[in-house]
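Read the structure below first, then the notes.
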Amino acid sequence: MKLKYAGSKELYKKVWVVSLPIIFQNIIDAAVNSADVLMLNYVGQDAISAVSLANSLVGILFMFLYGIGTGIAMLAAQYYGKGDLKTIEKVEGIGLKFALSVAIAGAAACVAVPRLLMRIYTPESKLIDIGAEYLVFIAPGLIFWAISAVYMSILRCIGKVSVATVLEAIALICNVALNAVFIFGLFGAPKLGVVGVAIATTLSRLIQLIGCIVVSASKPGVALTFKTMFQRHKLLEKDFITMAMPAIGNDLAWSVAFSAYSAIIGHLDSGDAAAAYSIVNVVRNLGCIMCYGIGSASGIIVGQILGEGSTEDGIKAGHICLRLAIITGIIGGLVVLAIMPIVLKIESASFTPEALDYLKFMMLINTYYITGTSVNTCLIAGVFRAGGDSKFGFKCDVIDMWAYAVPLGFLAAFVFKLPVKVVYFLLCTDEFVKWPWVFKHFYSHKWAQNITRDNIDNEQIQEQSN
């Protein structure tokens, strides 16, 4: 179980071994999203805009689940480095308890008040109608997704990164295939448009959950079990809340802020800006494929090394991950630049000239913006959390997004009524404003801590007896 390394070469190798399956998963994810957009072009610009705005709401739930997943990873990766699989199963139960609570509440809101939710993002009645239908049919998939997300986070932390990637790949491939069936009416199926996209997503998440159950039955080390949800693990719950809740708050603050960006853009220029924004988010995610892989891998690897008690190697691994994040961020920007002519040509068939002009400008901004995202994802969501330090990221992003970026975007759009391009440029300064504090915290190495407990069962018994 020990992960000792003689030098940087072994650490680089370990980072890439963990990163590559995640990068492969991200490639499939980006390909599916791109295919979805291409197929929605068949339905029309309004469909693209409505689904993008509705997914801003779903994105909040995703980031909440992502925060729970990284909270699980903070504990599970270190306990795996320590060799304690029994405790990891208890961590899984705590994660399922939180994830299902959030997913059920989100699904209920999507079914009960979908139009009210859509009004947050746009005043356009046509977009509200389309987006509301989408939210109703995607609601069950949110619950399936929550369970799978927790289990796949555990799989990655116990060295089953490839298994988790295959499960996600199966879901994504099923998603795009079912989208084609329901959008184009293949094999005698009805043409359902946006509703078909939602149904396809829900069915693909159900297939993914079934895959998780099958993998669990093969006993990969930690089983997918619900029994630990109903058990009390007071010390672990305390650790989870202390370390995971700031991570959840961090991701929630970040995702709600991005959702606010969508709302700001969505209220500008009669849908042209919203349509461009929906496409540029797909392109941006394509450019961030390697960045997110390095960010996820950094949390797992640094956490495992710190969990085995090797602080020096953990710090060394953190520095290697930072270097790779900078490199992959630059590569991501070049990817956006390279595919820009292709995207503009494809979208010229359904976009207005003004929407195309917005799209071109937004993609140019992302040629450098991705580097900021890459570095901050690696350090805040990866390296810092690996050592249990989630409070710094929470404070940093709350101040950056809610005291700076969102108010700035709101003032620029609705008070000073600046052009759409200027508003988007100002919103995209958020990643760089926090760099001085992020780098200062990284080089202090205060984040490099072993957060595991010894003899946790005995501690639990002793605390209960007291």
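Values in this text are rule-based calculations from the coordinates and carry no lab data. Predicted model only: the values in this text are computed from it and were never measured. Here Cβ is always computed from backbone atoms with ideal geometry, including for glycine, and neighbour counts include all displayed protein chains.
About the Cα centre of region 8-451, how large is the charge dipole given +1 on each Lys and Arg Cβ and -1 on each Asp and Glu Cβ? Please answer in debye to the nearest 20. Before the final figure, lay out the partial values.
Working: 32 positive and 27 negative charges, 207 e Å.
The dipole magnitude comes to about 1000 debye.
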Tell me, what HN-Hα J-couplings in whole Hz come from the Karplus equation 6.51 cos²θ - 1.76 cosθ + 1.60 at θ = phi - 60° for each residue of region 59-70, using x for Gly and Pro?
x, 5, 5, 4, 5, 5, 5, 5, x, 5, x, 6
Between helix 161-184 and the chain, what is the angle of the helix's C-alpha long axis to the longest principal axis, kept within 0 to 90° and rounded to the nearest 10?
20
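Starting from the eigenvalues of the Cα gyration tensor, five times each then square-rooted, give me the equivalent ellipsoid semi-axes of the chain, largest first, whole Å. Please report the intermediate quantities before stating the final value.
Numbers: eigenvalues 257, 130, 85 Å².
Its equivalent ellipsoid spans semi-axes of 36, 26, 21 Å.
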What distance in nm lies between label points placed 7 Å from Cα along the C-beta direction at LEU85 and SER444?
3.9
Can you grab the distance from the C-alpha centre of region 183-219 to the C-alpha centre of region 91-110, Å, no decimals?
20
Along the Cα→Cβ direction, 7 angstrom out, place labels at PHE184 and ARG323. What is the inter-label distance in nm?
4.7
Measuring from label point to label point, each 7 Å out along Cα→Cβ, what is the ALA338 to ILE173 span in nm?
2.4
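Only sites in a loop by DSSP and with at most 14 other Cβ atoms within 10 Å count here; which trypsin sites (Lys or Arg not before Pro) in region 201-282 make the cut?
Details: sites: ARG205, LYS227, ARG232, LYS234, LYS238; in loops: ARG232.
Those satisfying the criteria are ARG232.
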Please work out the FRET efficiency for the pair SER348 and ALA105, using the Cβ-Cβ distance as r and a Förster radius of 35 Å; give the result to the nearest 0.05.
0.25
Helix 311-347 versus the longest principal axis of the chain: what angle, 0 to 90°, nearest 10, using Cα atoms?
10
222 nm mean residue ellipticity, helices alone, for the chain (DSSP H n ≥ 4; -39,500 (n - 2.57); rounded to 500):
-27000 deg cm²/dmol
Note down the relative contact order for region 82-138 as a percent, whole number, built from C-alpha pairs under 8 angstrom at least six residues apart.
30
So what is the relative contact order for the chain, in percent, with contacts set as C-alpha pairs under 8 Å and at least six apart?
23
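Which of the pairs LYS82/LYS227; LYS395/LYS440; LYS86/LYS234; LYS14/LYS446; LYS13/LYS316 have their Cα atoms more than 21 Å apart in this structure?
On the way: LYS82/LYS227 24 Å; LYS395/LYS440 14 Å; LYS86/LYS234 15 Å; LYS14/LYS446 23 Å; LYS13/LYS316 13 Å.
The pairs that break the limit, which is 21 Å between Cα atoms, are LYS82/LYS227; LYS14/LYS446.
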Length gained if ILE120 through VAL415 is fully extended, taking 0.36 nm per residue and subtracting the Cα-Cα distance, is 104.3 nm
Using the number of other C-beta atoms within 10 angstrom as an exposure proxy, rank VAL282, VAL383, VAL51 with the fewest first.
VAL282, VAL51, VAL383
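Note the full-extension length gain between LYS9 and ILE213 as 0.36 nm times their separation in residues minus their Cα-Cα distance, in nm to one decimal. The partial results should precede the final answer.
Working: separation 204, 0.36 × 204 = 73.44 nm, distance 3.69 nm.
Length gained between LYS9 and ILE213: 69.8 nm.
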